[in-house]
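What follows is a set of notes on a single structure, which appears directly below.
Bear in mind that the values in this text are calculations on the coordinates, not laboratory data. Values in this document were obtained by computation on a predicted structure and should not be read as measured data. Heads up, the Cβs are rebuilt from the backbone with ideal geometry, glycines too, and the neighbour counts pull from every protein chain shown.
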Amino acid sequence: GFNCGIVGLPNVGKSTLFNALTATQAAEAANFPFCTKEPNVGRVGVPDPRLDKLAEIAKSQKIIPTQLEFVDIAGLIRGASKGEGLGNQFLANIREVDAIVHVLRCFEDDDITHVEGNVDPLRDAEVVETELMLADMESLERQLTSLQKKAKGGDKDSKVKADLMERALKVLQDGKPARVVEVSEEEKPVFKQFMLLTSKPVLYVCNVEEASAATGNGFSAKVAEKARAENAGMVVISAAIESEVAQLADPAEKAEFLESMGLEETGLNKLIRAGFQLLDLITFFTVGPKEARAWTVRRGAKAPEAAGVIHTDFERGFIRAETIDFESYVTLGGEQGAKDAGKMRQEGKEYVVQDGDIFHFRFNV
Ligand code: GDP
């Protein structure tokens, strides 16, 4: 599975948001036998109206959405890269995640202490990013000397690695995240090995006061500008509203409450979708009378990899994928209709999975 680490300074609303996420998940927990791994890890179903549509057509007994994992990473304060607070643990946890959800306090509230003294999301973002950049610089510097030696000794791989490292270091020293380092197609796998914290995609979550949940406020507008410039994602959320919505079990009641706040959907839905997009993930489906289920792969994945998401045996013994695109499945009234109309394709090992594909995998055991 794929995961997002929730980071941010203390008192910005991380736990409130995380608890709302897990409360929502608890309501759906019946579908997931394995949902509590660690207290700071929450798995959430990715909302997708296409899945409901498919289940309706196939009269599936069960609907199982694909999941995204959120990890609450507490303990970041100024000086974390020097081991302040839970510094080292914090950095180690971030290294493990696929993307970073960076929560920024965009609400005023005199009762809630701000560790930096006043509300200023751009400064807060910089505090967090600086710690991450310092940690990255340290890790690169640590490796670089020995690599340069090997490169001088004529080792070609070390030369490629050292060159890329020097470039990355230069970018970081200029005060920019490793995300903006220009990396060629060949260098990509090497760059990935560096495991740089600031090379991970970022989604800013602006936690605004309730009244601004639908529109955002002046603070979130500034963050939006920053996100655009960095090619990062951004969503506006009111953690307070989310934690209230998460308590409502009845969908009608939920919808009514959201409407009264001027919202069309929960902020959590927005967040989950944005996370999905940030990770460049796509969804494929398996559909039958027993269950309709959504699954996740990275964009660009080929059919055997998709099969492997369901079961490693499916990938190992992959023969072919019987594939129907979403539109055909729906407009032709399901699998049989699509088949009769010649819309069920036989795809091989090289087939690149398309968002919305419906698969049957054929494999050798
Ligand atoms: P964390 O330290 O980042 O995990 O922050 P918490 O989620 O524990 O929130 C810190 C405090 O801010 C708690 O008292 C929350 O109730 C409060 N809080 C969180 N989000 C909001 C918000 O949107 N508006 C207001 N007024 N308070 C909030």
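State the answer as a single residue: which of M133, P189, S158 lies farthest towards the positive end of the charge dipole of the range 131-198, with beta carbon charges of +1 for Lys and Arg and -1 for Asp and Glu, about the Cα centre. In the range 131-198, that residue is S158. The relative contact order of the chain comes to 19 percent, based on Cα pairs under 8 Å that sit 6 or more residues apart.
For the range 303-317, backbone phi angles converted through the Karplus equation (6.51, -1.76, 1.60; θ = phi - 60°) give residue-by-residue couplings of 3, x, 5, 4, 4, x, 5, 6, 7, 4, 4, 5, 6, 4, x Hz, Gly and Pro being listed as x. Centroid-to-centroid, using Cα positions, the range 312-333 and the range 99-159 are 42 Å apart. Dividing the convex hull volume of the alpha-carbon atoms in the chain by its residue count gives 164 Å³ per residue. Label sites at R299 and H360, each approximated as a point 7 angstrom past Cα along Cα to Cβ, lie 3.1 nm apart.
About its Cα centre, the chain has a charge dipole of approximately 1700 debye under the convention of +1 per Lys or Arg Cβ and -1 per Asp or Glu Cβ, with nothing else charged.
Counting 0.36 nm for each residue step from A249 to D110 and taking away their Cα separation leaves a gain of 46.9 nm. The 3J(HN,Hα) values that the Karplus relation (6.51, -1.76, 1.60; θ = phi - 60°) gives for the range 149-161 are, in residue order, 4, 4, 4, 4, x, x, 6, 5, 4, 5, 5, 4, 5 Hz. Gly and Pro appear as x. Take every pair of alpha-carbon atoms less than 8 Å apart whose residues are at least six positions apart; their mean separation over the length of the range 131-198 yields a relative contact order of 39 percent. Entry for the range 233-365 at q = 0.09, 0.16 Å⁻¹: log10 I(q)/I(0) = -0.39, -0.88, Debye formula applied to identical alpha-carbon scatterers, no solvent contribution.
Over the chain, with a Gaussian network built from C-alpha contacts below 10 Å, which listed residue (I324, I112, I237) shows the highest mean-square fluctuation? Per the Cα network of the chain with a 10 Å cutoff, I112 tops the list. When the chain is described by a simple charge dipole with +1 on each Lys and Arg Cβ and -1 on each Asp and Glu Cβ, the residue from M261, A239, G5 located farthest towards its positive end is G5. Only helices enter this figure: runs of n ≥ 4 DSSP H residues, each worth -39500 (n - 2.57), summed and divided by the residues of the chain, yield -13000 deg cm²/dmol at 222 nm to the nearest 500. In this rough spin-label picture, where each label sits 7 Å from Cα along the Cβ direction, the M195-Q143 distance is 0.9 nm. Each Lys or Arg adds one and each Asp or Glu subtracts one; over the other residues with Cβ under 13 Å from the Cβ of F284, this totals -2. Taking every DSSP beta bridge that has both ends in the chain, the antiparallel portion is near 50%.
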